[in-house]
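As structure tokens, the structure follows; a few thoughts come after it.
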Amino acid sequence: MIRTVDLVKSFGENEVLKGINTEFYAGKPNLIIGLSGAGKTVLLKLLIGLFEPTSGSVFYGDTDIFDLNAKQLRAIRMNVGMLFQGNALFDSMTVGENIRFPMDMFTRKTAKEKLMRVDECLEMVNLDGVNDRFPSEVSGGMQKRVGIARALVLEPDYFFCDEPNSGLDPQTSILVDELICDLTNTHNITTVINTHDMNSVMGIGDNILLLKNGQVSWRGDKSQVLESDNETLEDFIFASPFLRRLREDALKLRHLDD
Ligand SMILES: Nc1ncnc2c1ncn2[C@@H]1O[C@H](COP(=O)(O)OP(=O)(O)OP(=O)(O)O)[C@@H](O)[C@H]1O
């Protein structure tokens, strides 16, 4: 589990995060949502230790990562997988080499062990047999899955995903969400996902944190979204007139059933 306590981050006069107290659980996907500029990326960077807070703490279990020295922080980082928005795959490396890269950097595994682990990871994301293709030779959805395989190759306990659905069609987005969710459950990973995607919220929103102007505006799960009277949440999820009508109809039906 990851926990933040009174987390504040300012850039000069601009106080971007204004005291965030929240928890991200193991074994379920934890979503950070909010309008552009709400502070989602800044929060994600603090959680990974890429930014220092102005004040407050980030606990991994019982450890405040900002109390650690550089060596201890590196050890924590080895236990973190990251899926970047643009995948950040190396174009000049094959899919297999991309997935092997963290093992080359951080482990003493033999070449044979690395090959076996690459195959295992490709199987885990349902991409068996594409080892020798280059990222440019596979689809956007497949690239995303390669990114997931690479992020999880060292079997981390923590997994951060920045906009995992950006650039994907709705159906592929749902498949990617389900894959992230399955792996999170199966391996009991603490997964934190920064997203704009309303389908993700309603599909895999087991623990949702809504940020507004650097503060927690709402917390809950997907089953509570429909009934919530938080205006920021309504504006975010049911952004179009069509979706607002759908919401009203769904609420009427629910109340008829009661
Ligand atoms: N390195 C930085 N230096 C100064 N200000 C920054 C820095 N990074 C972010 N900010 C400011 O923090 C605020 C929140 O930015 P952030 O990127 O976290 O928003 P966001 O919710 O992730 O938005 P989006 O959904 O558009 O990515 C913005 O006002 C931004 O200008």
For this session: Work out the charge dipole of the stretch 2-222 with +1 on the Cβ of Lys and Arg and -1 on the Cβ of Asp and Glu about the Cα centre, then indicate which of ASN188, SER55, ILE20 is farthest towards its positive end.
Result: SER55
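What does the accessible area per residue of the chain come to in Å², with a 1.4 Å probe and no ligands, DNA or RNA counted?
51
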For this session: Enter the Cα centre distance for the pair the stretch 1-59 and the stretch 204-237, rounded to the nearest angstrom.
Result: 16
Exercise. Can you list the residues of the stretch 192-216 with backbone N under 20 Å from a point 7 Å past the Cα of ASP229, pointing along Cα to Cβ?
Worked result: 210
For this session: Could you check how much of the accessible area of the stretch 169-220 is carbon and sulfur, as a whole percent, using a 1.4 Å probe?
Result: 48
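Can you tell me what share of the DSSP beta bridges in the stretch 2-222 is antiparallel? A percent to the nearest 5 is fine.
Values: 20 of 37 bridges.
Antiparallel bridges make up about 55 percent of those DSSP assigns within the stretch 2-222.
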Exercise. Under 5 Å between amide H atoms, partner at least 5 residues away or on a different chain: which partners does ASN207 have, H built in plane at 1.01 Å?
Worked result: LEU31
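Take LEU89, LEU47 and sort them by solvent-accessible surface of the protein heavy atoms, 1.4 Å probe, largest at the top.
Ranking LEU89, LEU47 by accessible area, largest first, yields LEU89, LEU47.
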Exercise. Using +1 on the beta carbon of Lys and Arg, -1 on that of Asp and Glu, and nothing else charged, what's the dipole of the chain about the Cα centre, debye to 20?
Worked result: 600
For this session: Show the residues, 5+ positions off or on another chain, whose built amide H is closer than 5 Å to the amide H of THR54.
Result: VAL8, LYS9, SER10
For this session: Over the stretch 47-91, with every protein chain in place, what whole percent of the accessible area is carbon and sulfur at 1.4 Å, could you tell me?
Result: 52
Exercise. Seen from all sides and averaged, what is the projected area of the convex hull of the Cα atoms in the stretch 102-225, in nm²?
Worked result: 9.0
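The values are calculated or read from the model by the stated rules, or taken from the named source; none is laboratory data. Because the structure is a prediction, the values reported are computed rather than measured. Reconstructed Cβ throughout: ideal geometry from the backbone, glycine too, with neighbour counts over all protein chains shown. Ligands, DNA and RNA are stripped out before the accessible areas are found, and what is left, the full protein with its side chains, is counted by its heavy atoms. Shrake-Rupley method; radii C 1.70, N 1.55, O 1.52, S 1.80 Å.
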